[in-house]
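Structure first, then comments.
The values are calculated or read from the model by the stated rules, or taken from the named source; none is laboratory data. Values in this document were obtained by computation on a predicted structure and should not be read as measured data. Backbone-built Cβ (ideal geometry, glycine too); neighbour counts: all protein chains shown.
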Amino acid sequence: MNKDKILNNINALSQNTMFNLSLTSKELFHSNFWAWIIRKYPNIFACAFDFQYAESRRFEICREKHHFDLCIETEDTLIIIENKLKSFPDKNQLEEYEKYETSLKKKLILISYFKPLFNIKDSTGKHITYKELCNRLKKCFLSAKESTFQGEDKAIIKDYIEFLDLLVELQDNVEIFPDNKVGNIWSVVKEPNIQQKLKKINLAKTFERIVSAKLTEIVLYNFNLSKYIDEIRIDCGRDLKIFSDILFYFPGAWDNDELKRQDLCYLGISLWENYYRYYAGLHKAQCKINLPKKGRYDRDNKNLGFKYLSDNYGWLFNQEHGGIWNGYSYKNEMYLYKKADISSYTVSELSQKVQYDLSLIYTYIKDFCK
């Protein structure tokens, strides 16, 4: 990653009028702006959102109707637009929108800054990245006649498109190559000058999510079992570090009936900046871990959990003899992990490790289900 390019981009964003008006790129600002340009200039910008405008056709632009970020409603069609900017697309949320009952023909569009780390089925809807949307808006804008726009609207829309260009550029400046070492990648991210400037414009965690998302996508590239992964979640932990969980669920993992559960709810791995976690969710009752919960750290129960994983799932957890055990203990479940330093790994080596471990887990669960 080129530090100078990243710093120049951050400086440009911090000085950009639209970025500051948007309160450092609030999702709500973008949804409102889209509603405004479609409502005021449908003949120019509706097509950027896959809506075919006709002057004779009635349509209504709605914000936060039925909890949808934005929707376009005509006599016979409902276009639901879900906007995701600083958070990742949610597969469950899209599936719930797909179930929404309406007498109209329904079309679901996800517009997201981050590329979804799951497959979007044709039945679920269509995905448009912020980059693609920026290009679409630019094309619409440039093809419009000067006389079309009222007052200062042309300048405002031009500034917004330039703002989107800067947001897209921030992602494009994160370049990760197979021979890059994991530690070197995160040293750029954590470089004091970059962090200081990002925090001032409230984009530090967004930038870290960009890096984590790109790294996750690379390490899973061409992984033949990707479609079987139950969850890929990129978020911020309690220690304010960005993590990427890649998990396989056991049958009955979240069943309310304790007897239908297995000993584990999931197995997987987690990329936590310079650390790699072998991760498991345990059901205490099924693992025969039933000591009274003691305090916040509950060491006695966690130690039993660590032993249970070593004894029964050593093929995964005992690979790293120098790893550090830790986790969280709750009333019915525990979430435990063994942590290993991967800062000296190249991205290519990390990819091999991730795919090998996930293959082990999938094979075990598949055989278990048989």
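Thr129 - would you say it is surrounded by fewer than 19 Cβ atoms within 10 Å (Cβ to Cβ), hydroxyl-bearing (Ser, Thr, Tyr), under 29 Å from Thr216 (Cβ atoms) and outside the structural domain of Leu247 (by TED's automatic domain parsing)? It is true that Thr129 is surrounded by fewer than 19 Cβ atoms within 10 Å (Cβ to Cβ), hydroxyl-bearing (Ser, Thr, Tyr), under 29 Å from Thr216 (Cβ atoms) and outside the structural domain of Leu247 (by TED's automatic domain parsing). Here Tyr276 clears all of (1) surrounded by fewer than 21 Cβ atoms within 10 Å (Cβ to Cβ); (2) not in a loop (DSSP other than H, G, I, E, B) except the condition numbered (1). Annotation: of all residues in the range 60-117 being more than 13 Å from the chain's Cα centre (by Cα) and among the basic types (Lys, Arg), the one that is nearest to His30 (Cα to Cα) is Arg63.
Of all residues in the range 283-317, exactly one satisfies the criterion of being over 32 Å from the mean Cα position of the chain (by Cα), within 20 Å of Phe250 (Cβ to Cβ) and among the small types (Gly, Ala, Ser), namely Ala285. Annotation: of all residues in the range 260-273 being in a strand (DSSP E or B) and either among the aromatic types (Phe, Trp, Tyr) or within 21 Å of Ile185 (Cβ to Cβ) (or both), the one that is farthest from the chain's Cα centre (by Cα) is Tyr266. Filtered by the rule that a residue be under 20 Å from Asp172 (Cα atoms), over 15 Å from the mean Cα position of the chain (by Cα) and surrounded by 13 or more Cβ atoms within 10 Å (Cβ to Cβ), the range 207-243 gives a lone residue, Val219. When each of Ile44, Ile10, Ile109 is tested for being of a type in the set (A, V, I, L, M, F, W, C), in the same structural domain as Asp159 (by TED's automatic domain parsing), buried (at least 16 other Cβ atoms within 10 Å of the Cβ) and assigned to a strand (DSSP E or B), the lone residue that passes is Ile109.
Name the residue that is surrounded by the fewest Cβ atoms within 10 Å (Cβ to Cβ), counting only residues in the range 76-96 that are over 19 Å from Leu133 (Cβ atoms) and touching a residue at least 24 places away in the same chain (Cβ under 8 Å). Restricting to residues being over 19 Å from Leu133 (Cβ atoms) and touching a residue at least 24 places away in the same chain (Cβ under 8 Å), the top hit is Asp76. Scanning the range 280-301 turns up no residue that is hydroxyl-bearing (Ser, Thr, Tyr) and within 29 Å of Glu349 (Cβ to Cβ). Within the range 198-249, the set of residues being of a type in the set (Gly, Ala, Ser) and in a loop (DSSP other than H, G, I, E, B) comprises just one member, Gly237. So is Phe59 under 29 Å from Leu13 (Cβ atoms) and aromatic (Phe, Trp, Tyr) or not? Taking the combined requirement at face value, the residue does not satisfy it.
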